[in-house]
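The values are calculated or read from the model by the stated rules, or taken from the named source; none is laboratory data. Everything quoted here is computed from the prediction, not taken from an experiment. Here the Cβ positions follow ideal geometry from the backbone for every residue, glycine too, while neighbour counts run over all protein chains shown.
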Amino acid sequence: MSTGHVLLGLLSRGQRHGYELKREHDERFPAARPLAFGQVYTTLERLHRQGLVEPVAVHRVDGPDRTVYEVTDTGRTEIHAWLRNIETPAPHVSNPLSTKVTIALLVGDAAAAADYLRRQRRAHLERMRYYTRVKTDGGSSLHEVLAADYALSHLDADLSWMETASQRVHALEKEIGT
């Protein structure tokens with residue numbers, strides 16, 4: 001996902017300076033990696049050069065000057081075009097869980113692979129409990145609940161894979177007699 005498109009989307013609700021955009025991003029996308037301030041300002045400069053945003057004012061608020069930006073008509077057209085495009089499912093999946101199990105098996109240690117899967121399962125279940133608390137906490141925002149739902153779905157898929165992998169590793173252990 002493009003940081004530029006995210007900032008355009010946040011700016012579509014009204015004028016903001018970089019600090020506000022960073023804060024709003026981190027609040028609205030609590031499960032995402034927080035944006036670095038430098039990334040926000042670099043992206044705003046790029047969007048300005050592309051004619052997608054315009055600086056409209058400079059405010060001084062307890063510190064350095066803060067440039068306030070707004071989305072241009074070209075920027076609004078761009079964000080709507082981006083929203084119409086589907087995200088193509090990735091042709092390659094990077095899965096550190098599968099990689100570790102495979103490497104454990106390659107070095108000839110099915111027991112280590114099985115142990116890793118058990119420990120990883122416990123870690124996933126603990127993380128799922130955290131996201132379940134987020135979902136059921138009456139004070140959670142819609143953004144936090146949506147992020148928790150998404151994370152829980154992914155963690156559940158990982159658990160399903162771990163169960164299948166554990167069965168395969170167990171069958172291999174029986175086959176090779178470890």
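Please verify whether Gly108 is assigned by TED's automatic domain parsing to the domain that holds Ser141, more than 24 Å from the chain's Cα centre (by Cα) and in a loop (DSSP other than H, G, I, E, B), treating the condition exactly as stated. It is true that Gly108 is assigned by TED's automatic domain parsing to the domain that holds Ser141, more than 24 Å from the chain's Cα centre (by Cα) and in a loop (DSSP other than H, G, I, E, B).
Does Val56 satisfy the condition of being surrounded by 10 or more Cβ atoms within 10 Å (Cβ to Cβ) and under 15 Å from Val6 (Cβ atoms)? The answer is no for Val56.
Residue-wise test of (1) closer than 30 Å to Ala151 by Cα; (2) outside any helix (DSSP H, G or I); (3) without any contact (Cβ under 8 Å) to a residue 40 or more places away in the chain.
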position: Arg23; (1), (2), (3): yes, no, yes
position: Leu35; (1), (2), (3): yes, yes, yes
position: Gln39; (1), (2), (3): yes, no, yes
position: Thr42; (1), (2), (3): yes, no, yes
position: His59; (1), (2), (3): no, yes, no
position: Gly63; (1), (2), (3): no, yes, yes
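The set of residues in the stretch 16-50 being modelled with pLDDT of 90 or more and either among the basic types (Lys, Arg) or assigned by TED's automatic domain parsing to the domain that holds Leu146 (or both) consists of Arg16, Lys22, Arg23, Arg46, Arg49.
Counting the residues of the stretch 84-105 that are surrounded by 10 or more Cβ atoms within 10 Å (Cβ to Cβ) and either among the acidic types (Asp, Glu) or in a helix (DSSP H, G or I) (or both) gives 9.
For Arg119, indicate whether it is outside the structural domain of Leu8 (by TED's automatic domain parsing), closer than 21 Å to Phe29 by Cβ and either of a type outside the set (Phe, Trp, Tyr) or assigned to a helix (DSSP H, G or I) (or both). Criteria not met by Arg119.
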